[in-house]
Amino acid sequence: MQHFSFINTKLEKLKIVRPFFVEDSRGYFRKSYEKEVFAQNGIRTDVFEHFESYSVKGVIRGLHFQTQHPQSKLVRALTGEIFDVAVDLRPHSSTFGQWEGIYLSAENHRALYIPEGFAHGFLVISESALVSYLCSGQFLKEFDSGIRWNDPDVAIEWPTHLVDEITLSDKDKSLYDLRKFMNQLAW
């Protein structure tokens with residue numbers, strides 16, 4: 001029986017989470033969140049909303065965040081595989097503007113805990129993926145924002161070689177780069 005494990009990344013407070021998971025001939029049982037266990041590992045959050053998104057291969061969603069009332073997120077792939085990315089946007093952080101990317105899949109059972117103050121996005125690298133987000137705080141459309149997925153200053157190394165083409169929403173096509181966002185729309 002595997003218990004939760006929490007792996008620190010190079011970005012402070014951003015953690016890879018391995019859930020409680022047990023599998024046998026009947027199938028599997030997974031516990032992806034337990035408030036007390038998360039708190040004991042430095043993650044203190046109240047789950048406020050749960051979202052799911054379904055996307056096909058080559059879709060990039062993000063990089064999104066809220067300029068006010070930011071949310072923390074626990075993200076995992078229920079089906080398929082994604083390359084999940086978080087960018088540190090905390091203005092006084094020593095890792096401001098840096099990113100971390102990990103592969104999340106139904107097979108590896110990992111999740112990524114993204115604290116408040118980070119932009120988040122992902123690339124679907126399997127034929128399709130169903131992604132779950134447990135979020136603290138409420139989604140507030142009036143504060144919904146983001147930065148470009150291919151901002152040269154952030155320089156995310158997306159595994160685009162694994163897909164034939166990139167598909168973006170109209171909203172994501174019109175996002176600012178980080179420098180312009182910080183200069184014109186600073187929070």
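Annotations for the structure displayed:
- Being acidic (Asp, Glu), assigned to a strand (DSSP E or B) and either under 29 Å from Gly97 (Cβ atoms) or at pLDDT below 90 (or both) is a property that Glu52 lacks.
- The combined condition, being in contact (Cβ under 8 Å) with a residue 40 or more places away in the chain and under 18 Å from Tyr133 (Cα atoms), is not fulfilled by Arg44.
- Hits in segment 129-160 (condition: in a loop (DSSP other than H, G, I, E, B) and either within 23 Å of His69 (Cα to Cα) or in contact with a helix residue (DSSP H, G or I) (Cβ under 7 Å, 6 or more places away or on another chain) (or both)): Ser136, Gly137, Gln138, Phe139, Leu140, Arg148, Trp149, Asp151, Asp153, Val154
- When Tyr113, Tyr103 are screened for being surrounded by fewer than 22 Cβ atoms within 10 Å (Cβ to Cβ), aromatic (Phe, Trp, Tyr) and either touching a helix residue (DSSP H, G or I) at 6+ places or on another chain (Cβ under 6 Å) or assigned to a strand (DSSP E or B) (or both), only Tyr103 passes.
- When Phe38, Phe65 are checked against the criterion of being under 28 Å from Gly97 (Cα atoms) and part of a helix (DSSP H, G or I), a single residue qualifies: Phe38.
- Candidate set from segment 136-173 (those that are polar (S, T, N, Q) and modelled with pLDDT of 95 or more); member that is surrounded by the fewest Cβ atoms within 10 Å (Cβ to Cβ): Ser169
The values are calculated or read from the model by the stated rules, or taken from the named source; none is laboratory data. Note that this is a predicted model, so its numbers are computed, not measured. As a convention, Cβ positions derive from the backbone with ideal geometry for all residues, glycine included, and neighbour counts pool all protein chains shown.
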